[in-house]
1. Restrict the check to segment 68-89 and report whether at least one residue is more than 25 Å from the chain's Cα centre (by Cα), at pLDDT 90 or above and surrounded by 13 or more Cβ atoms within 10 Å (Cβ to Cβ).
2. What pairs come out if I take residues in segment 139-150 that are not assigned by TED's automatic domain parsing to the domain that holds residue 115 and pair them with residues that are outside any helix (DSSP H, G or I) whose C-beta lies under 6 Å away, six or more apart or interchain?
3. Can you tell me how many residues within segment 107-134 are under 22 Å from residue 60 (Cβ atoms) and surrounded by 16 or more Cβ atoms within 10 Å (Cβ to Cβ)?
4. So how many residues does segment 119-129 have that are over 17 Å from the mean Cα position of the chain (by Cα) and in a helix (DSSP H, G or I)?
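The values are calculated or read from the model by the stated rules, or taken from the named source; none is laboratory data. Predicted model only: the values in this text are computed from it and were never measured. Cβ: placed from backbone, ideal geometry, glycine included. Neighbour counts: every protein chain shown.
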């Protein structure tokens, strides 16, 4: 039944896409197709989460490197920054991105954004990544320094899980609050009824 409904929706969308303008806005069809896929996956037992929104726009390797040195200048209050080697940095950045593509099964566009988020995460947790001096971009080399990326990814995943759990926790808190209010109301009514009965018996 779930599969039949999904295939029916896909067939309708396929016909609509073929009949529409080839160069027209496909956003509506994309949303309908996405909704149908999500409903299908949920219907057969899969958990589906919304795509992660990346706060840093990184579209090429140079953006990733510039993001890193931007944090360096901001945090360490220096315009010079640590010694850098453009050629070496680009090589490291390329391997960094390719590593995320391979390990997480990401396309290049998403991998670039995730690497930007990893860079930000590292600088957002000085208590964990205890750099005595301003680091170089080589900390994202995926050999001996791979633990830095791994730890940052753990922190990111932990925050994502926390963010996803928050609405559920708020719903549970609200439900608990409603139950407690109902119980309190019931107890007040019982007390009021008991008082009335006591008044009647005294008369």
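1. Within segment 68-89, one or more residues are more than 25 Å from the chain's Cα centre (by Cα), at pLDDT 90 or above and surrounded by 13 or more Cβ atoms within 10 Å (Cβ to Cβ).
2. Taking only residues 6 or more apart or on different chains, not a single pair turns up.
3. Residues meeting the conditions: 14.
4. 1
Residue by residue, here is whether (1) in contact with a helix residue (DSSP H, G or I) (Cβ under 7 Å, 6 or more places away or on another chain); (2) in a helix (DSSP H, G or I) holds:
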| residue | (1), (2) |
| --- | --- |
| 109 | no, yes |
| 112 | yes, yes |
| 117 | yes, yes |
| 131 | no, no |
| 134 | yes, no |
| 138 | yes, yes |
| 143 | no, no |
| 148 | yes, yes |
